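Data block below; observations after.
The values are calculated or read from the model by the stated rules, or taken from the named source; none is laboratory data. Note that this is a predicted model, so its numbers are computed, not measured. Because the Cβ atoms are built from the backbone with ideal geometry, glycine has one as well, and the counts that use them run over all protein chains shown.
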Amino acid sequence: MVDMEWCRSLPKIELHAHLNGSIRDSTLLELAKVLGEKNVIVFSDVEHIILKDDRSLQECFRMFDLIHVLATDHTTIKRIAKEVVEDFAAENVVYLELRTTPKKNEAIGMSKQSYMKAVIAGIKSVETVEVEFIPSDDISKKPVKTPPIVDSFGTNTKKMYVRLLLSIDRRETTAAAVETVELASEMKDSGVVGIDLSGNPCIGEWLTVLPALKRARELELPITLHCGEVPNHKEIQAMLEFCPQRIGHAIFLKEDQWKTLRSSNIPVEICLSSNVKTQCVPSYDDHHFIDLYNAKHPLILCTDDPGMFSTSLSREYYIAAKTFGLSKSQLHEMAMNAITYVFADGKVKKALEEIFEDYERKLT
Ligand code: 6MZ
């Protein structure tokens, strides 16, 4: 029988997780308390907002604005990047493609570059698992201080691959979006493997970001787009015609757009809890996951924002199993298939295949 413990023991690949959507509630509360003491915010006003579980899509974006106030400076960014990677490692995530929007804040001397430096410093300071971050020749030989996580199945997370996607926020200007793309290209040797387009889907225009996405393509940066989180059919059409390497969500597609998606074979990053909690999908039973799954369309189960939606990747696998009656071997196959869709190079894919083969050997 599939239970949470089994889902946790399964090696998993996370391809759609936003850094600032993955912060622990305890950390957010701690940061809010400090800002409350400095009279920057009123703690009692934000405490219940942080602890709220169900948020509409628009409430989520208001929450992100609050999170960006709480997690502003380099030290905090470093801390949250470390904690987020450790939390994914604790769920037996063996490859994490973490995405974040590089931020500029002149008042505190932050540039998009220095923001990313802080994120990387956080990833490199992880202590609970050996993190392979920069391509393997630079692999950190730092000893792991805390023993690796061992579960009752005898599997343990010894090593985790982490790569980064730089996100363009839909609020940004073309120039700011191009700046992010250029930065991503400069950082190809520092763990950046692609570009994401995200942000409030009710804000911004496709044509504003298109030049930046075309530039990313010129620079051979793989692209994933948040597509169809709201029923903007003109934009969904344009996104499908652009033919990115992956898309996230894919909720509000019209019949002919489903057909285009199906024939294009663009892999879909599926975020069950996010879609249901934001009420973009009425219930787990109604989720389009099962149509894509039955059609054997490439898909990857992801969390989106484990902090925001109080979930984990193990939990998303468990929800999929419970809702759609998937067996252990189906979940294992789905987790392993994700290797094909990672943006990292062939060497990493090979290493991931070995991790899954090793896991299978231990089971038999
Ligand atoms: C669209 C989302 C999102 O980049 O500051 N983000 N964009 N749809 C979603 N579904 C719920 N969840 C998160 O992480 C937070 C940012 O990620 C994007 C938003 O732009 C949000 O501000 P970073 O690390």
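Would you be able to tell me the number of residues in region 48-75 that are in contact with a helix residue (DSSP H, G or I) (Cβ under 7 Å, 6 or more places away or on another chain) and more than 10 Å from the ligand (Cβ to nearest atom)? Here the count works out to 9. For region 45-68, the criterion of being acidic (Asp, Glu), over 20 Å from the mean Cα position of the chain (by Cα) and not in a helix (DSSP H, G or I) is met by none of the residues. Of the helices (runs of 4 or more DSSP H) that lie entirely inside region 267-364, those containing 1 or more residues that are within 16 Å of the ligand (Cβ to nearest atom) and of a type in the set (S, T, N, Q) span 272-277.
For Thr260, the stated conditions hold: it is among the β-branched types (Val, Ile, Thr), surrounded by 16 or more Cβ atoms within 10 Å (Cβ to Cβ) and more than 20 Å from the chain's Cα centre (by Cα). From the residues in region 209-254 that are touching a strand residue (DSSP E or B) at 6+ places or on another chain (Cβ under 6 Å), assigned to a loop (DSSP other than H, G, I, E, B) and among the hydrophobic types (A, V, I, L, M, F, W, C), which one is surrounded by the most Cβ atoms within 10 Å (Cβ to Cβ)? Top of the filtered list is Ala250.
Within this structure, Ala118 passes the test of being part of a helix (DSSP H, G or I), within 14 Å of the ligand (Cβ to nearest atom), in contact with a strand residue (DSSP E or B) (Cβ under 9 Å, 6 or more places away or on another chain) and not acidic (Asp, Glu). When Pro201, Pro222 are screened for being within 16 Å of the ligand (Cβ to nearest atom) and within 21 Å of Leu261 (Cα to Cα), only Pro201 passes. Of note, Ala107 satisfies the criterion of being without any contact (Cβ under 8 Å) to a residue 12 or more places away in the chain and either aromatic (Phe, Trp, Tyr) or in a helix (DSSP H, G or I) (or both).
To keep it simple, each residue is scored yes or no on (1) assigned to a strand (DSSP E or B); (2) at pLDDT 95 or above; (3) over 29 Å from Pro11 (Cβ atoms); (4) under 21 Å from the mean Cα position of the chain (by Cα).
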position	(1), (2), (3), (4)
Ser152	no, no, no, no
Val162	yes, yes, no, yes
Ile168	yes, yes, yes, yes
Glu172	no, yes, yes, yes
Ala177	no, yes, yes, yes
Ser185	no, yes, yes, yes
Lys188	no, yes, no, yes
Asp196	yes, yes, no, yes
Leu207	no, yes, yes, no
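Which of (1) assigned to a strand (DSSP E or B); (2) over 28 Å from Asp53 (Cβ atoms) does Leu261 not meet, given it meets every other one? Result: Leu261 fails condition (1) only.
Within region 1-42, being in a loop (DSSP other than H, G, I, E, B), within 16 Å of the ligand (Cβ to nearest atom) and more than 13 Å from the chain's Cα centre (by Cα) holds for one residue alone: Arg24.
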